[in-house]
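Please read the structure below before turning to the comments.
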Amino acid sequence: MTRPAFGGNIMATIECPNHRPQMSTVRPGVFSVPCADYEREGIVERFNVDIKEEDIKVKIEEIVKSMKEKIDITEADIIVSGGRGVGSREGFTLLKELADILGGIVAGSRAAVDSGWIEKDRQVGQTGKTVRPKLYIACGISGAIQHLAGMQESEYIVAINKDSDAPIMAVADLAIVGDLFKVVPELIKEIRAYRQSCEVM
Ligand SMILES: Cc1cc2nc3c(=O)[nH]c(=O)nc-3n(C[C@H](O)[C@H](O)[C@H](O)COP(=O)(O)OP(=O)(O)OC[C@H]3O[C@@H](n4cnc5c(N)ncnc54)[C@H](O)[C@@H]3O)c2cc1C
């Protein structure tokens, strides 16, 4: 197994040669979900469990539903993700525009979350969520190992970065070297023009 160790600064390979069975847990998004095989059958064993009220240590007093709209980035097919290079909360409105036009959602790196530009439940990476969308567009994200751990299994990765040597460029299927504030508006313009030309046809 491979897992983060020493505060996430290294990825350790763990070997368990001596004992079986072994059990590990993985976070959602780490593996792609296979299609259901309805031919398979399991054996259901029913146990009658005698639990008395005094055995239950947890008591639900009240359920308070969050008023905030919950977004699950692990479910998204298209993610437009921003990092420190986005520079501000306002900068994320540009990414939102791109995400909206593509039918995707916005996410971010930990640097963006720590700066308060985007909510924590949208953080991608080792201490955020693991995603594997069809398209991941990383804008102004350097590609630290902790970020890559959460997105490198995406089907198609586009990276937009001023620095051609940023590690994200090495994992990207399409690496665009440039200022995201010039590249993203151009992308939006091109996608709009393409959509309009399709409507005309
Ligand atoms: C235990 C631990 C857990 C962590 N967990 C996570 C995690 O879950 N997720 C996560 O993301 N990080 C995590 N980190 C932090 C991680 O190490 C990095 O610090 C973080 O990912 C950096 O975020 P960033 O790429 O947005 O910022 P930076 O590394 O600062 O990169 C910013 C990038 O933007 C580019 N840029 C700047 N301006 C522009 C522009 N105008 N146009 C285009 N490009 C531009 C720069 O060239 C640079 O490459 C963790 C760290 C530790 C130690």
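The values are calculated or read from the model by the stated rules, or taken from the named source; none is laboratory data. Owing to the predicted nature of the structure, the values given are computational and were not obtained by experimental measurement. Methodologically, a virtual Cβ is constructed for each residue, glycine included, from the backbone with ideal geometry; neighbour enumeration extends over all protein chains shown. Side chains included, ligands, DNA and RNA excluded: accessible areas come from the protein's heavy atoms. Shrake-Rupley method; radii C 1.70, N 1.55, O 1.52, S 1.80 Å.
List the residues of the range 161-182 whose backbone N lies under 13 Å from a point placed 7 Å from the Cα of CYS198 along the Cα-to-Cβ direction. Label zone hits: none.
For the pair GLU97 and ARG46, label points projected 7 Å from Cα toward Cβ lie 6.1 nm apart. Considering only ALA138, MET151, GLY87, and ranking their Cα positions along the charge dipole of the chain that arises from unit charges at the beta-carbon of Lys, Arg, Asp and Glu, the one farthest toward the positive end is GLY87.
Under 17 Å of direct C-alpha separation, and excluding same-chain neighbours fewer than eight residues apart, LYS182 reaches these lysines: LYS96, LYS162.
The dipole here belongs to the chain: it is taken about the Cα centre, uses +1 on the Cβ of Lys and Arg and -1 on the Cβ of Asp and Glu, and is about 460 debye. For the chain, the antiparallel share of DSSP beta bridges with both residues in that region comes to about 15%.
Annotation: per residue accessible area for the range 49-201 equals 62 Å², rounded to a whole number [probe 1.4 Å, protein chains only]. For the chain, the Cα-based Rg and Dmax, in that order, read 21.5, 70 Å. Taking Lys and Arg as +1 and Asp and Glu as -1, the other residues whose beta-carbon sits under 9 Å from that of ILE73 total -1. For the range 73-200, carbon and sulfur atoms together expose 51% of the accessible surface, with a 1.4 angstrom probe and every protein chain in place. Projecting the Cα positions of ILE78, GLN123, SER197 onto the charge dipole of the range 73-200 (unit charges on Cβ atoms of Lys, Arg, Asp and Glu, taken about the Cα centre) puts GLN123 furthest along the positive direction.
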